[in-house]
Amino acid sequence: MKLGIHPTYKKLRIKIGEDVFETNSTLNVEEILMDVDYRKHPAWTKDGLNVINESNKSISDFNRKFGGLKFGAK
């Protein structure tokens, strides 16, 4: 291995609410403060299923409006 071409790993603290996790990283900071707790976010807790349904509704509306279009077919 060549010397001096690899980044330096150092300790990194990640704070999420009251919890603190330690890991190693090449970031030039010592600490990251997370403003969103991934353990309570609807994307991971599945509390936001209505958002997914709204997205599917939009897709259905699009397909209903443009479903008859044929691209490249003669």
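Data for the structure
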| read-out | value |
| --- | --- |
| Per-residue ³J(HN,Hα) for the range 5-19, Karplus 6.51 cos²θ - 1.76 cosθ + 1.60, θ = phi - 60°, Hz, x for Gly and Pro | 9, 9, x, 8, 8, 8, 5, 9, 9, 10, 10, 10, x, 8, 8 |
| Residues LYS15, LYS70 arranged by fewest to most Cβ contacts within 10 Å | LYS70, LYS15 |
| Likely footprinting exposure, MET34, MET1, fewest C-beta neighbours within 10 Å first | MET1, MET34 |
| Amide hydrogen neighbours beyond the local backbone of ILE32, cut-off 5 Å, H modeled | ARG13, ILE14, LYS15 |
| Reachable aspartates and glutamates from LYS46, criterion Cα separation under 19 angstrom, eight or more residues apart if same chain | ASP37, GLU54 |
| Distance in nm between pseudo-label sites at LEU3 and THR23 (7 Å out along the Cβ direction from Cα) | 3.1 |
| Ranked list, fewest to most other Cβ atoms within 10 Å of each Cβ, for SER58, SER25 | SER58, SER25 |
| Distance (nanometres) between label positions extended 7 Å along Cα→Cβ at SER60 and MET34 | 3.4 |
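Readers should treat all values here as calculations from the given coordinates under stated rules, not as data from a laboratory. What you see is a predicted model, and the numbers here were worked out from it, not measured in a lab. Here Cβ is always computed from backbone atoms with ideal geometry, including for glycine, and neighbour counts include all displayed protein chains.
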